[in-house]
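> One structure, pasted below without further comment.
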Amino acid sequence: MLMSFLKGIINNVFVKNIVIAIVVITLAIAATFVSLNVYTNHGEYYPVPDFKGLTEDQFSELIKEKGFRYNIIDSAHVDGYFPGAVIEQIPAPGSMVKENRNIHFTIKAIAPEQVQIPNLIDYSLRNAKVILESYGLVVGELIYVPSEYRNLVIQQLYKGKPVEPGKVVLKGSVIDLHIGKGLSTERTNVPDLQALTLSEAQDYTVSVSLNIGAAIYDESVTTAEDSLAAVIWQQQPAGESGARIPLGASIDVWLSVDTAKINY
């Protein structure tokens, strides 16, 4: 009796079609999930490399190898990186992400940073130096001129010409200053610059209202690194000789990496 009933159901065309439809739909759903898993690597995560310090030419190939995408969202002026190098990334290095994830980069600006020249008129030389350094600018030649206002900035110059505050220049530009020397012909002692680097000597002479004139390197200085490391072994006028020179005068210096030349 039961067998006859089951046989009747199996032979029923309508029921048979329903069963076939259910099987087909089930297989289709299963195939879809399998294909999605294969296509998207469903459930698989990969570590994000550290791209900091790499330029686009360098990291673009690595991005492709890892199966990621990228876009550059910003740029900034930061010391310690080459222009165009990655300085920040999202997600952070070591983050676990899926394949085809977009990595967002902030790079060091390629164009040189520009700044406005500040107003230095009527500031003391000491304050003017601090202000220029805060803007990323460099104190150049100090030119002392007659003025009733002693040691105040009378005029500021860029590339030898008077310049108005607000002019946009490259960061690191040199600004020369006309400094009031009062109505007297004031003089100062010649400092001893031996064993100082050129940069140290420039900072020191500015602090005592003098300038560095010619900088002459001997044969021991052959590279840019040598020129930075070289120290002064001779100067004209000589230091600690008792000589006195006018404010704003220049001292010529001779430099070497051979410290045996220094006459202590």
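What follows is calculated from the coordinates using simple rules that are stated; it is not laboratory data. Keep in mind that what you see is a predicted model, and the values were worked out from it rather than measured. Every residue, glycine as well, gets a Cβ built from its backbone with ideal geometry; the counts of neighbours run over all protein chains shown.
> Give me, ordered by chain and number, the residues 5 or more places off residue 88 or on other chains with an amide H under 5 Å from its own placed amide H.
The answer is 106.
> Which three lengths, in whole Å and largest first, does segment 188-264 cover when its Cα atoms are put on their principal axes?
Reported extents, whole Å, longest axis first: 34, 22, 15.
> Using 16 Å as the cut-off for backbone N distance, which residues of segment 166-199 belong to the label zone defined by a point 7 Å from the Cα of residue 122 along Cα→Cβ?
So the set is 180.
> Let me know the Kirkwood hydrodynamic radius for segment 46-108, please, with Cα pairs as the basis and the value in Å to one decimal. List each step's numbers first, then the result.
Values: mean 1/r = 0.0864 Å⁻¹.
Answer for segment 46-108: a Kirkwood hydrodynamic radius of 11.6 Å.
> Normalising by the residue count of segment 145-192, find the relative contact order in percent from Cα pairs under 8 Å and 6+ residues apart.
54
> Next question. Compute the signed sum of charges (Lys and Arg +1, Asp and Glu -1) over the other residues within less than 11 Å, Cβ to Cβ, of residue 238.
Computed value for this residue: -3.
> Please compute the net charge surrounding residue 187, taking Lys and Arg as +1 and Asp and Glu as -1 over other residues with Cβ under 15 Å from its Cβ. Display every interim value, and only then the final one.
On the way: positive: 150, 181, 244; negative: 186.
Residues close to residue 187 contribute a combined charge of +2.
> From a point 7 Å beyond the Cα of residue 192 in the direction of its Cβ, which residues of segment 208-227 have a backbone N at a distance under 19 Å?
It comes to 208, nothing else.
> Taking every pair of distinct Cα atoms and averaging 1/r, then inverting, what Kirkwood hydrodynamic radius in Å comes out for segment 112-184?
Numbers: mean 1/r = 0.0827 Å⁻¹.
It works out to 12.1 Å.
> Which order do 60, 173 fall in if you start with the one that has the fewest other Cβ atoms within 10 Å?
Least to most surrounded, the residues fall as 60, 173.
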